[in-house]
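> One structure follows; several queries about it will come next.
The values are calculated or read from the model by the stated rules, or taken from the named source; none is laboratory data. Here the structure is a predicted model, which is why all the values come from computation and not from measurement. For neighbour counting, all protein chains shown are included, and Cβ atoms are generated from backbone atoms with ideal geometry for every residue, glycine included. Accessible surface is based on the protein model in full, side chains and every heavy atom, while ligands, DNA and RNA are left aside. Shrake-Rupley method; radii C 1.70, N 1.55, O 1.52, S 1.80 Å.
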Amino acid sequence: STMRERKTTDPLHSPTDLSEGKEKLRLKQEVGLISGVSLIAGTMIGSGIFMSPEWVLHHMGNPASSLLIWAACGLLAMFGALSYAELGTIIKESGGEYIYILRIFGSFPAFIFAYSSVILVRPAGLAAVCLSFAEYAIAPFYPGCSSPQVAIKCTAAACIMILTIINCLNVRLATSVMNVFTAAKLLALLVIVVGGLVLLAKGQTQSFQNGFQGTTAGIGAVGVAFYQGLWSYDGWNNLNYVTEELKKPEVTLPRALMIAIPLVTCLYLLVNVSYLAAMTPSELLSSGAVAVTWGDKVLGSWAWLISLSVALSTFGSSNGTFFSGGRVCYIAAREGHMPDILSMAHVRCLTPSPALLFTSAMSLIMIISGSFTSIVNFFSFTAWLFYGMTISGLLYLKIKKPELPRSYKVPIIIPIIVLMAAVYLVLAPIIDQPQIEILYIVLFIFSGIIFYFPLVRFKYHPGFLQRVTLHLQLLLEVAPTTKDAN
């Protein structure tokens, strides 16, 4: 059948092997500690740290409180990641939130998550990052004027096509690209940090005098400031999407998180301090691209290095987003929640190429439509809705099923704090400034019901889809895979 029901043993109720049949294909365990740290840090450090600081400052009203928001966002990302690490050692399957919601709450909520994530959220996020890459990559060719939209969209589309080829060819090639670009972007951030420390040593501290003057107190403004900051930290949960591809996941998962997230948080705080040392708050607020303004002020004729660094950074980040986003599509299909073809892997490359091609196609559609003005708020609202559901699942397991084997435990207060933050981030903007876009998002999420009941619940499978699946299998050279219970 095209959308199949997998007879899998629930890992929450039995420790037996997850695979029913002995199928030949499975994804390789090729992601080690360094690649794991690179996947997290490389996806987190994207366009956000080069674009978001002015918006956090705008919503908070002053430098000191905006730095507090950046620190709080890092702490929240760390708490969320530690909670996910425990989930990852209980449920040792790829798929992140999807697989955790499926195993804890059942089929319907998991399908709604997969539907929202695969069709809209992940492709939209990927498209937005690729458009950021395109903007910085072609900016040097149009000095003194804004780049034409056609050129930006064509470059973004080319970026997605290149990422598709890299990720479909080889997992090791994709992780190598991630490692190289992560090293490049860390180097760029270190240049900004060192430049800021030099400025501070010279006594340029005027931005930090009376730092808390004029702080914004509204719950909605603080919530939106968190959205902007958390957009820069997004990616803290990416390693949970590829658990089955990790070497020794019970060790690698928590260790990679504990290295990557504090590293990124410290860098973000130092980079913000550097921006504020080079610019006054009003200069920072009027800057279209903070990092480029910083480069013009501090590096002079070498300012082009910053534009190049931002382009490299966003390309590396979009590679990480693509790498993990394709896995959600692949895992959901393997569980019978997406067309069967998406659960297959290439017979020689051993990559989930149909799922990656589907994610690529959806992202290209997003680029053509090109409406990304509210992408951050849209993405954050949907993401934290499902983060909250996932964390509540962990709390359920900690209270109701403490006997489940787990190699890592997080103190219960940490997921409680994350759940409270998730509830606040979902409700605060709705209560403070209700917007029609939020209603559209909710309607889209629940439109998944239309597909769930006929296709998944009652297993209605049109005959033509089976023929299409067979033709696609032959064309793409793919075959069904088995799960790895680790």
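> Does S274 fit the bill of being of a type in the set (G, A, S), touching a Lys or Arg at 6+ places or on another chain (Cβ under 6 Å) and open to solvent by less than 10 Å² (accessible area, probe 1.4 Å)?
no
> I would also like to ask the following. Can you tell me which residues in segment 116-142 are surrounded by 22 or more Cβ atoms within 10 Å (Cβ to Cβ) and of a type in the set (S, T, Y)?
S117, S132, Y136
> Quick check on segment 228-235. Is at least one of its residues under 17 Å from the mean Cα position of the chain (by Cα) and not in a helix (DSSP H, G or I)?
Yes.
> Any residue in segment 455-480 that is under 21 Å from A355 (Cβ atoms) sitting within a Cβ distance under 6 Å of a residue that is charged (D, E, K, R)? List the pairs, counting only those 6 or more apart or interchain.
From residues that are under 21 Å from A355 (Cβ atoms), the pairs are T469/D340; P480/E23.
> Would you check if there is a residue in segment 238-245 being in contact (Cβ under 8 Å) with a residue 40 or more places away in the chain, in a helix (DSSP H, G or I), more than 20 Å from S313 (Cβ to Cβ) and aliphatic (A, V, I, L, M)?
yes
> Y136: closer than 19 Å to F446 by Cα and either assigned to a helix (DSSP H, G or I) or free of Cβ contacts under 8 Å to residues at least 60 places away in the same chain (or both), yes or no?
No: the conditions fail for Y136.
> Keeping to segment 72-94, report how many residues are of a type outside the set (D, E) and either on the phi > 0 side of the Ramachandran plot or open to solvent by less than 10 Å² (accessible area, probe 1.4 Å) (or both).
Looking only at that region, the number is 13.
> Further, regarding this structure: For segment 412-439, which positions are more than 20 Å from F381 (Cβ to Cβ) and either touching a Leu at 6+ places or on another chain (Cβ under 9 Å) or touching a residue at least 24 places away in the same chain (Cβ under 8 Å) (or both)?
I412, I414, P415, I416
> Continuing with the same structure: Checking the structure you have, find out if any residue of segment 143-150 is touching a helix residue (DSSP H, G or I) at 6+ places or on another chain (Cβ under 8 Å), assigned to a helix (DSSP H, G or I) and surrounded by fewer than 22 Cβ atoms within 10 Å (Cβ to Cβ).
no
> So, L285, is that one in contact (Cβ under 8 Å) with a residue 40 or more places away in the chain, open to solvent by 40 Å² or more (accessible area, probe 1.4 Å) and within 27 Å of A124 (Cα to Cα) or not?
When the stated conditions are applied, L285 passes them.
> Here's another thing I want to ask about it. Select the helices (runs of 4 or more DSSP H) contained entirely in segment 394-486, then report the ones holding at least 1 residues which are open to solvent by 80 Å² or more (accessible area, probe 1.4 Å), farther than 30 Å from H346 by Cα and among the basic types (K, R).
none
> Let me ask you something else. Looking at A158 and the list (1) within 26 Å of L284 (Cα to Cα); (2) without any contact (Cβ under 8 Å) to a residue 40 or more places away in the chain; (3) open to solvent by less than 50 Å² (accessible area, probe 1.4 Å), which single condition is not satisfied?
The number of the failed condition is (1).
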